[in-house]
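Trainee: Below you will find the structure I want to go over with you.
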Amino acid sequence: MKSIKNLTRLTYETAAFQGWRLAISRSGTAFAKYFSDKQHGSERKSFAAGQAALTAVKAILDGAKLVNGKHTAATIRKVEKLLEQA
């Protein structure tokens, strides 16, 4: 599978981690979450979980209001909570 914008494949030869990394930054705030192949069962399932989380995060961030060019604390908490549950 090929990486897409904001969702990158990570495979390390010297470490046990294999999976996908969701990384997105908006208005000076960065969010990241790892989706392990081992935790989700396969590369395709971890990719699907990453894509679903990315879609949800983009929906929240694109629909949120900015205050002085930054996201509000409530918006940031909402995204962080969503990523914890993903």
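Trainee: Within region 33-57, how many residues are free of Cβ contacts under 8 Å to residues at least 40 places away in the same chain and either surrounded by 12 or more Cβ atoms within 10 Å (Cβ to Cβ) or among the small types (G, A, S) (or both)? Break it down into steps so the answer makes sense when it comes.
Mentor: First, the residues of region 33-57 that are free of Cβ contacts under 8 Å to residues at least 40 places away in the same chain: 34, 36-42, 45-46, 48-49, 52-53, 55-57.
From the residues that got through so far, the ones that are either surrounded by 12 or more Cβ atoms within 10 Å (Cβ to Cβ) or among the small types (G, A, S) (or both) too are 34, 36-37, 40-42, 45-46, 48-49, 52-53, 56-57.
Qualifying residue count for the region: 14.
Trainee: Exactly one of these conditions fails for F31: (1) under 17 Å from the mean Cα position of the chain (by Cα); (2) at pLDDT below 95; (3) of a type in the set (F, W, Y). Give me its number.
Mentor: (2)
Trainee: Condition test on G63, is it surrounded by fewer than 13 Cβ atoms within 10 Å (Cβ to Cβ), touching a residue at least 24 places away in the same chain (Cβ under 8 Å) and not hydrophobic (A, V, I, L, M, F, W, C)? Write out each step before concluding.
Mentor: Working: surrounded by fewer than 13 Cβ atoms within 10 Å (Cβ to Cβ): yes; touching a residue at least 24 places away in the same chain (Cβ under 8 Å): no; not hydrophobic (A, V, I, L, M, F, W, C): yes.
Here the answer is no, as G63 does not meet what is asked.
Trainee: Regarding T11, is this residue touching a strand residue (DSSP E or B) at 6+ places or on another chain (Cβ under 8 Å), of a type outside the set (A, V, I, L, M), modelled with pLDDT of 90 or more and over 17 Å from Q85 (Cα atoms)? Give the derivation first.
Mentor: On the way: touching a strand residue (DSSP E or B) at 6+ places or on another chain (Cβ under 8 Å): yes; of a type outside the set (A, V, I, L, M): yes; modelled with pLDDT of 90 or more: no; over 17 Å from Q85 (Cα atoms): yes.
So T11 does not fit the description; no.
Trainee: Then there's this: Can you find a residue in region 71-83 that is not in a helix (DSSP H, G or I) and not small (G, A, S)?
Mentor: Of all residues in region 71-83, those not in a helix (DSSP H, G or I) come to 71-72.
From the residues that got through so far, the ones that are not small (G, A, S) too are 71-72.
Within region 71-83, one or more residues are not in a helix (DSSP H, G or I) and not small (G, A, S).
Trainee: Counting only residues that are out of contact with any Ser or Thr (no Cβ under 9 Å at 6 or more places or on another chain) and not charged (D, E, K, R), which one in region 35-49 is nearest to I4 (Cα to Cα)?
Mentor: By that ranking, first place goes to F47.
The values are calculated or read from the model by the stated rules, or taken from the named source; none is laboratory data. Note that the structure is a prediction, hence the values are computed from the model and not measured. In this analysis, Cβ positions are derived from the backbone assuming ideal geometry, glycine residues included, and neighbour counts consider all displayed protein chains.
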